[in-house]
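Written out below as structure tokens is the structure these notes cover.
The values are calculated or read from the model by the stated rules, or taken from the named source; none is laboratory data. Keep in mind that what you see is a predicted model, and the values were worked out from it rather than measured. Positions of Cβ are backbone-derived with ideal geometry, glycine not excepted, and every protein chain shown enters the neighbour counts. Side chains included, ligands, DNA and RNA excluded: accessible areas come from the protein's heavy atoms. Shrake-Rupley method; radii C 1.70, N 1.55, O 1.52, S 1.80 Å.
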Amino acid sequence: MKITMMHGRRRGVAAAAAAMSVLLLSACKSTETTPAGAPASSSASATADRTRECTTATDSFRKLIADLLMAGAGAEDDKEHTAARKALTDYASTARGEAAKVTDPALRAGVEQLAAAAEKLSKAADPTNLDNPDMKKAAGEIEKVCADALTPSAPPGTPTVRLGAAGSPCELPVSFDLVALWKPKAVDVAQLGELASLYRNGPFEAVCEVDPKPAGELGMMRVFTSKTAAGSPRASLEAFVAGDSLEARKAGNYEVKKIKYTELTLGGQPAAEVTWEPYNKALDHASKYSAFALNTARGAVVVKISPFGADEHVNLLPAYELAKKSLTVNS
């Protein structure tokens, strides 16, 4: 069964996923290991136990969400509802078994509440709707207990990654520093098939994306280039924003609000930046984006941050500002 991300009734799942961001992060805090033969302190042992228990609880919950998405969020088909009900009851049974082994009373209570909420949802008219008070409250309890244990952190002395130079994960017309734990990878739009349109904005194509989830953030930083874009950096940004989500715009489901342009200098070169707030009517979802642009001998470059939601924009700004501050143009 093909799941369409633009399905209007998926909004409940999207909203719930955003509200339970800690539970949906793909990485958890790394813990220091005790050298072989050395006794572990009781506090270190307790911290390791809580991290392990929180990881188990959140992994089970992420699997539940994935199962519900595969069942077809917001769908009304009996077969899909049957699959969702089974996922919820299976999760409830697994979570109760996990809760019995949890040593932290607060975490145990949260897991038990989440199991009860899942069982209750399995009997609801729409078992795919995670946007309900019981599920949110239970997930919130686990989030409070596990926030510290699951917050990624870089050990002191972690080297800064320089992106863009020869030999780096993405070779670009510019170079800049990345926040620790952010993971870059090169993008080849020609290999993306049906997803290629998501990596194009006007005359620009993404050539690199940097995932902040290992650092505990939701969203993405992408670097776009264009060999055909001409004119000032601001003109590049105007074309870039105008090309954002063209299919949704044509369908009348996409609005862009509060566009603000600023002229600046980056790496000794004239540049510009823009912030804008896109709103997808079909998903009832708003965000806030920032991007900067400059011209190089190898074409125009745009660096953009796109958080999952407007609230996460401030969390991505340190990486964005670091990129601006440390940027140099490669020869």
What are the ³J(HN,Hα) values, in whole Hz, obtained from phi via the Karplus relation 6.51 cos²θ - 1.76 cosθ + 1.60 with θ = phi - 60°, for each residue of region 251-265 in sequence order, with x given for Gly and Pro?
7, x, 10, 9, 10, 10, 10, 6, 6, 9, 9, 9, 8, 7, 10
Amide proton proximity set for LEU172, modelled H, under 5 Å, gap of 5+:
GLY164, ALA165
Could you pull the Rg and Dmax for region 85-143, using just the Cα atoms, both in Å?
11.0, 35
Show me, for region 80-96, the HN-Hα J-couplings you get by feeding each phi into the Karplus relation (A = 6.51, B = -1.76, C = 1.60, θ = phi - 60°), rounded to Hz, glycine and proline as x.
5, 5, 4, 5, 5, 5, 5, 4, 5, 5, 4, 5, 4, 5, 5, 5, 5
How much of the accessible area of region 244-331, probe 1.4 Å, is carbon plus sulfur, in whole percent?
50 percent
Taking placed amide H atoms and a strict 5 Å upper bound, the residues 5 or more places from LEU294 or on another chain that come that close are VAL301
Taking only the alpha carbons of region 96-235, the radius of gyration and the largest Cα-Cα distance, Dmax, both in angstrom, are 21.9, 64
Starting from the Cα of ASP78, step 7 Å along the direction of its Cβ; do the same at THR55; then give the gap between the two resulting points in nm.
4.4 nm
With R₀ set to 30 angstrom, the calculated FRET efficiency between the beta-carbons of LYS101 and ASN132, to the nearest 0.05, is 0.65
Let's test this: bin the Cα-Cα distances of region 183-315 at 10 Å from zero up to the farthest pair and state each bin's percent.
12, 42, 39, 7, 0
Over the Cα atoms of region 248-304, Rg to Rh with Kirkwood Rh, two decimal places?
1.11
Given a 1.4 Å probe, how much area per residue of region 237-293 is accessible, in Å²?
49 Å²
How far apart, in nm, are the 7 Å Cα→Cβ label points at ALA125 and ASN253?
2.4 nm
Using protein chains only and a probe of 1.4 angstrom, how many square angstrom of ILE259 are accessible, to the nearest 10?
80 Å²
